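Have a look at the structure below before the remarks.
The values are calculated or read from the model by the stated rules, or taken from the named source; none is laboratory data. In this text the structure is predicted, and so the values were computed from the model without any measurement. No Cβ is skipped: glycine too gets one built from the backbone with ideal geometry, and neighbour counts run over all protein chains shown. For accessibility, only protein heavy atoms count, side chains too; no ligands or nucleic acids. Shrake-Rupley method; radii C 1.70, N 1.55, O 1.52, S 1.80 Å.
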Amino acid sequence: VDIRDVAEAHIRCLEAPLDRVGGRTFNVLQSNLQIAAVAAAVRDEFVRHRVAVDVQHAPQPPIVREYECANERLTAATGFTPSRTIQQSLPEIIEFVHDGHDDFDNPRYYNIDWLTPLREEIESPVVPRARLVSSSGTGS
């Protein structure tokens, strides 16, 4: 799903009457795609930009999930249906990468790597520090 559609879905939910969206979970998607279809679309778009891509097929996981998500609940509650296709999004993503945003090893691109230090910080006990104030009123 294109990030602009995700942002629009958030805005629509924030603006919608609480009785329509409160306490509810919404799927946000333009279409249901298997990872192989996403990889093929990415490869094809990179090839159009004269960038060679080698798609490596991994073995199927032991549990294969066969389900589809739908937007009906989102559309009914907010009137919004995501519309940007992967083919519309990919050229802009490739341009973004070409502009130097290519640090894909950065933890911010991996939820677990990014959130683990934050979780550790939140869960670590905080020991309050004493603050000494001199007679002149300045802290030390």
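Go through Val42, Val55 for me and flag whichever is open to solvent by less than 50 Å² (accessible area, probe 1.4 Å) and more than 30 Å from Arg12 (Cα to Cα). One residue alone meets the criteria, Val55. Taking segment 27-76 as the range and being under 30 Å from Glu95 (Cα atoms) and among the aromatic types (Phe, Trp, Tyr) as the test, only Phe46 passes. Taking residues in segment 84-108 that are under 12 Å from Glu45 (Cβ atoms), and partners anywhere that are of a type in the set (Ser, Thr, Tyr) and modelled with pLDDT of 80 or more, the pairs with Cβ atoms closer than 9 Å and at least 6 places apart or on different chains are Thr85/Ser31; Ile86/Ser31. Taken over segment 91-113, the criterion of being surrounded by 11 or more Cβ atoms within 10 Å (Cβ to Cβ) and assigned to a loop (DSSP other than H, G, I, E, B) is satisfied by His101, Asn106, Tyr110. Taking the criterion of being outside any loop (DSSP other than H, G, I, E, B) and either more than 30 Å from Leu18 (Cβ to Cβ) or open to solvent by less than 100 Å² (accessible area, probe 1.4 Å) (or both), the residues of segment 58-90 that qualify are Leu74, Thr75, Ala76, Ala77, Thr78, Ile86, Gln87, Gln88, Ser89, Leu90. Within the option set Ala36, Ala7, being closer than 22 Å to Thr85 by Cβ and modelled with pLDDT of 95 or more holds for one residue only, Ala7.
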